[in-house]
Amino acid sequence: MTPKPPPWYKQFWPWFLIAIPVISIGLSINLLRLATSGQDSMVIEDYYKEGKAINMRLDKVRKAEELGIATHLSIRQKKLVLEFTRSAPEQGTALKLFFQHPTLEENDFQVMLTRDSVGRYSAELPRDISGKWHLTLEPFDQQWRIYQVVGLPQQEPIVFIP
């Protein structure tokens with residue numbers, strides 16, 4: 001006589017086959033909850049205004065091209081020195097240099113470059129600036145703008161040409 005098999009609820013395979021859809025349903029409900037509970041974050045709230053602002057920035061770069069502006073920026077031991085190689089501003093007003101980190105907004109900062117008697121612009125850096133940076137140079141009246149992506153530290157002067 002063959003032994004009587006145990007009832008189905010005491011066997012492995014029925015529970016294994018039941019567990020697959022139950023786990024799938026549980027995971028699906030969890031993913032649906034995550035998808036509906038979070039709010040979509042927009043990178044830019046008003047794309048139209050941002051597009052207009054980009055066009056204005058491009059106009060400032062074109063203005064720098066028209067003026068033929070070219071500079072060399074040297075960075076030595078937390079000291080910035082900027083020299084115009086072409087089309088230096090006649091007024092001698094201070095310039096703004098923006099340091100924008102590509103991924104960490106909290107690392108962004110700005111320095112004000114002032115002109116000395118020789119015609120060089122200089123400033124002290126507030127902290128170490130190793131890594132990749134997006135540099136933007138512009139005067140206080142914001143008539144022109146020059147943009148450059150650099151990796152720092154760098155031994156050679158950084159050439160800003162629009």
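The values are calculated or read from the model by the stated rules, or taken from the named source; none is laboratory data. Note that this is a predicted model, so its numbers are computed, not measured. A quick note on method: Cβ atoms are made from the backbone with ideal geometry, for glycine too, and the neighbour counts reach across all protein chains shown.
A few notes on this one:
- Residues that are more than 17 Å from Leu82 (Cα to Cα) and among the acidic types (Asp, Glu), drawn from the stretch 120-157: Asp128, Asp141
- Of the listed requirements (1) touching a residue at least 12 places away in the same chain (Cβ under 8 Å); (2) surrounded by fewer than 16 Cβ atoms within 10 Å (Cβ to Cβ); (3) charged (D, E, K, R), Lys60 misses just one: (2).
- Selected residue (criterion: farthest from Thr136 (Cα to Cα)) from residues of the stretch 63-86 that are acidic (Asp, Glu) and surrounded by fewer than 15 Cβ atoms within 10 Å (Cβ to Cβ): Glu66
- Tally, over the stretch 95-144, of residues that are over 18 Å from the mean Cα position of the chain (by Cα), in contact (Cβ under 8 Å) with a residue 40 or more places away in the chain and assigned to a strand (DSSP E or B): 8
- As a summary of the residue check, Gly51 satisfies the conditions (1) modelled with pLDDT of 85 or more; (2) surrounded by 10 or more Cβ atoms within 10 Å (Cβ to Cβ); (3) more than 22 Å from Leu137 (Cβ to Cβ) except for the one numbered (1).
- Residue pairs whose Cβ atoms lie under 7 Å apart, sitting 6 or more positions apart in sequence or on different chains, and linking a residue in the stretch 1-30 that is without any contact (Cβ under 8 Å) to a residue 60 or more places away in the chain to a partner that is assigned to a helix (DSSP H, G or I) and surrounded by fewer than 10 Cβ atoms within 10 Å (Cβ to Cβ), are Pro14/Trp8.
- Search result, residues across the stretch 87-129 that are in contact with a His (Cβ under 7 Å, 6 or more places away or on another chain) and exposed (fewer than 14 other Cβ atoms within 10 Å of the Cβ): Pro102, Asp108
- Candidates Arg86, Arg76, filtered to the one that is among the basic types (Lys, Arg), within 13 Å of Phe160 (Cα to Cα) and without any contact (Cβ under 8 Å) to a residue 24 or more places away in the chain: Arg86
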